[in-house]
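Structure record follows, encoded as structure tokens.
All of the numbers you see were taken from the coordinates with simple rules; none came from a lab. These numbers come from a predicted model, not from an experiment. Reconstructed Cβ throughout: ideal geometry from the backbone, glycine too, with neighbour counts over all protein chains shown.
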Amino acid sequence: MFPRKKTLILMLVAGFTAFAVGYAVRELVDGPPPPTAVKIADGISIGGDFTLTDHTGKIVTQENFKGEFLLIYFGYTFCPDVCPTELQRMSEVLRKLGTAADRVRPVFITIDPARDTAKVLAEYVGNFHPRMVGLTGTAAQIKAVAKAYGVSFGKSWATETGKKPPGMSPAQAEKEYFMSHTSFVYLMGDDGRVRDIFRADVKDENMVKRILAALEG
Ligand code: NI
């Protein structure tokens, strides 16, 4: 029974962390202008160094993006609705930013590295923005960067419970799954520190205004 108990404890911890980050994020989004600090609440910080592989196959770290503002979204290319909608919105916001958008780099980080190889990302990111960078990595690298941004994710299947259908072969199950994931757009400053976080319900115009304010600030 021990492993089950351990799993339950891990789930509780993960659930609490997700709640705490969600709460902190809401405070940040609804409250006064966000601090430039990485720490967004007691015990909760957003961002930090990462090592990942971009959609051209190059290994990149936080350093490669120094001097650029980043609009970061975590998701996966097989996502049927939420991810394409959010990435579409990101490209729409960049269009509305006009020339100011030249200082902002859209970044898509996959939380499904098993399927989202650099090649898959290369075919995907161009659909949304010519300068969008797709990032993937090892399972451990993705886990680390997701944790740094308070992003939780997990596999699910198209069943009522989200569990693997009993009749599905393991090989098929490893091909045909969905990923549930946190859906925020992060604005990182040219110094690598978090400037703003946008929930899906933030209007495009509001997002444009807040990005412009961050670019000026
Ligand atoms: Ni998605």
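What pairs can you find where one residue is in region 50-79 and surrounded by 14 or more Cβ atoms within 10 Å (Cβ to Cβ), the other is in a loop (DSSP other than H, G, I, E, B) and aliphatic (A, V, I, L, M), and their Cβ atoms are less than 6 Å apart, with a gap of 6+ or different chains?
As it stands, the answer is Phe74/Ile111; Phe74/Val151; Tyr76/Ile111, since those pairs meet every condition given.
Conditions: (1) among the charged types (D, E, K, R); (2) more than 16 Å from the ligand (Cβ to nearest atom); (3) assigned to a loop (DSSP other than H, G, I, E, B); (4) surrounded by fewer than 17 Cβ atoms within 10 Å (Cβ to Cβ). Lys147 meets all but one. Number of the miss?
(3)
Limited to region 79-137, what total is found for residues that are within 16 Å of the ligand (Cβ to nearest atom) and of a type in the set (A, V, I, L, M)?
12
Got at least one residue in region 49-56 being farther than 18 Å from Leu215 by Cβ and within 16 Å of the ligand (Cβ to nearest atom)?
No, every residue in region 49-56 fails to be farther than 18 Å from Leu215 by Cβ and within 16 Å of the ligand (Cβ to nearest atom).
Can you find a residue in region 160-172 that is within 15 Å of the ligand (Cβ to nearest atom) and either assigned to a helix (DSSP H, G or I) or under 13 Å from the mean Cα position of the chain (by Cα) (or both)?
Checking region 160-172: not a single residue is within 15 Å of the ligand (Cβ to nearest atom) and either assigned to a helix (DSSP H, G or I) or under 13 Å from the mean Cα position of the chain (by Cα) (or both).
Just to be sure, is Leu71 within 12 Å of the chain's Cα centre (by Cα) and either closer than 17 Å to Phe198 by Cα or aliphatic (A, V, I, L, M) (or both)? So that I can check it myself, show each step before the final result.
Numbers: within 12 Å of the chain's Cα centre (by Cα): yes; either closer than 17 Å to Phe198 by Cα or aliphatic (A, V, I, L, M) (or both): yes.
Answer is yes for this residue.
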